[in-house]
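Q: Dropping a structure here in structure tokens format, bear with me for questions.
The values are calculated or read from the model by the stated rules, or taken from the named source; none is laboratory data. This one's a predicted model, so the numbers in the text were calculated from it and none came from an experiment. As a convention, Cβ positions derive from the backbone with ideal geometry for all residues, glycine included, and neighbour counts pool all protein chains shown. Calculation scope for accessible area: heavy atoms of the full protein, side chains included, ligands and nucleic acids excluded. Shrake-Rupley method; radii C 1.70, N 1.55, O 1.52, S 1.80 Å.
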Amino acid sequence: MKIALIGASGQAGSRILSELSARGHSVTAIARDPAKVASLPDVTAAAGDIEAPDALAKVLEGHDAVISSVHFSASDPDKLLGAVKASGVRRYYVVGGAGSLEVAPGVLLVNTPKFPEIYKSEAQGGVDYLNKLKGESDLDWTFLSPSAAFGPGERTSTFRLGKDELLTNEHGSSISFEDFAVALVDEIEAPAHVRQRFTVGY
């Protein structure tokens, strides 16, 4: 497939890029500074900025799918969604956050007393973006939420999928960037959560 990846030089984005390349997809890797994009097979680095949505839409045109892996608190959701819709690409995948997951019926992780204040703005941005997507009829979107601890690790390809509830085990709630990328690319290759959110964790 021909896939556009916004935020390709970031922590999660770079792992998604590696996974896509390893599986033989053709990727347009979009970053503010394309020089920071890893040099990989079938990867073309391109400059793009959410603050210039018209130009970004042009870069996205002609792809089979778009992935956005950007911080919610550092981007304008209306400009990002506008660029994707203006590109004419219907399949849209979003790297979400754990804050929008439920820890009890109707109770989001971001609203729990011990949720770190430093991450609240980003987490609430993810909640708001997911709610915007739920009202979209022009995109076949999928929002993939990681578990609470989301960081560098191993690519094990051994993980669990869930829907709206935070996944936990005896060690807590976690997923590596590498296994998150596996779950996301699996979804792209065999869509099972169109216009849905799902989550991945150990």
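Q: Check each of the trypsin sites (Lys or Arg not before Pro) in region 97-177 and keep only those in coil by DSSP with at most 13 other C-beta atoms within 10 angstrom; list them in order.
A: For trypsin sites (Lys or Arg not before Pro) across region 97-177 that sit outside H, G, I, E and B with at most 13 neighbouring Cβ atoms in 10 Å, the list reads Lys114, Lys163.
Q: Just the accessible area per residue of the chain, please: how many Å² with a 1.4 Å probe?
A: 46
Q: Next question. Per residue Cα convex hull volume for region 90-180, in cubic angstrom?
A: Roughly 113 Å³ of hull volume per residue.
Q: Using 0.36 nm times the number of residues separating Lys120 and Glu51, minus their current alpha carbon distance, what extension gain do you get?
A: 22.6 nm
Q: Can you give the translational diffusion coefficient of region 7-82 in µm²/s, computed by Stokes-Einstein from the Kirkwood radius over Cα pairs at 4 °C and 1.567 mPa s?
A: It comes out at roughly 103 µm²/s.
Q: Of all alpha-carbon pairs in region 149-202, indicate the percentage at a distance above 18 angstrom.
A: Value for region 149-202 (Cα pairs over 18 Å): 28 percent.
Q: In whole Å, what are the extents of the chain along the principal axes defined by its C-alpha atoms, from largest to smallest?
A: Taking the Cα atoms of the chain, the three principal extents are 42, 34, 31 Å.
Q: Then there's this: Note the angle between two axes, namely the Cα long axis of helix 120-134 and the longest principal axis of the Cα atoms of the chain, as a number of degrees from 0 to 90, rounded to the nearest 10.
A: 70
Q: In the chain, carbon and sulfur make up what percent of the accessible area (probe 1.4 Å)?
A: Ligands and nucleic acids excluded, carbon and sulfur give 52 percent.
Q: Exposed loop GluC sites (Glu not before Pro) only (DSSP loop, at most 16 other Cβ atoms within 10 Å): please give the longest stretch of the chain free of them, not including the sites.
A: Value returned for the longest uninterrupted segment is 62-135.
Q: Rounding to the nearest 10 and keeping the result within 0 to 90°, find how far the Cα-based axis of helix 11-22 lies from the longest principal axis of the chain.
A: Tilt relative to the chain: about 60 degrees.
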